[in-house]
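Before any comments, here is the structure.
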Amino acid sequence: MPKRILEGVVVSDKGDKTIVVKVERTLLHPVLKKTVRLSKKYHAHDEANAHKVGDLARIVECAPKSKLKRWEVLSTASAS
């Protein structure tokens with residue numbers, strides 16, 4: 001089974017070798033039939049401490065690295 005890859009904006013880089021990435025997704029509300037935006041934050045392992053707040057980051061699933069970290073950084077995309 002392939003590992004999931006998500007893309008989001010870095011909202012925190014305070015931890016050592018850790019970033020927090022906010023991933024947004026949209027869905028159609030079942031009753032109102034309007035588009036709704038949902039977001040979730042993921043803690044990801046950033047070995048080089050290369051990412052800063054506001055950067056776009058791609059993260060991929062991995063084996064647990066700590067209590068909260070279950071993702072690691074793939075690469076950096078340009079900020080929009």
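The values are calculated or read from the model by the stated rules, or taken from the named source; none is laboratory data. As the structure is a prediction and not an experimental result, all values here were calculated from the model. Backbone-built Cβ (ideal geometry, glycine too); neighbour counts: all protein chains shown. Ligands, DNA and RNA are excluded from the accessible area calculation, which covers all protein heavy atoms including side chains. Shrake-Rupley method; radii C 1.70, N 1.55, O 1.52, S 1.80 Å.
When the accessible area of the range 2-80 is computed with all protein chains present and a 1.4 Å probe, what percentage of it is carbon and sulfur? Working shown, then result.
Numbers: 2980 of 5570 Å².
On the range 2-80, the fraction of accessible area on carbon and sulfur atoms equals 53 percent.
So which residue, out of ASP16, ASP46, ASP55, gets the largest mean-square fluctuation from a GNM of the chain using Cα contacts under 10 Å as springs?
ASP16
For the range 27-40, just list the computed ³J(HN,Hα) in residue order, Karplus coefficients 6.51, -1.76 and 1.60, θ = phi - 60°, integers in Hz, with x standing in for Gly and Pro.
Karplus values, whole Hz, x for Gly and Pro: 8, 8, 5, x, 9, 7, 6, 10, 6, 10, 9, 10, 10, 9.
Given Cβ point charges of +1 (Lys, Arg) and -1 (Asp, Glu) and nothing else, what value in debye, to the nearest 20, does the dipole of the range 17-73 about its Cα centre take?
Dipole magnitude for the range 17-73 comes out near 340 debye.
Counting only heavy atoms of the protein chains, get the accessible area per residue of the range 8-80 (1.4 Å probe) and round it to a whole Å² value.
Counting only protein heavy atoms, the per-residue value for the range 8-80 is 68 Å².
Check cross-link reach from LYS41 to the lysines: straight Cα distance under 23 Å, and skip same-chain residues fewer than eight apart.
Here the lysines satisfying the reach criterion relative to LYS41 are LYS3, LYS14, LYS17, LYS22, LYS52, LYS65, LYS67, LYS69.
Given the options VAL36, VAL21, VAL60, which has the most mean-square fluctuation in a GNM of the chain, springs set between C-alpha atoms less than 10 angstrom apart?
It is VAL36.
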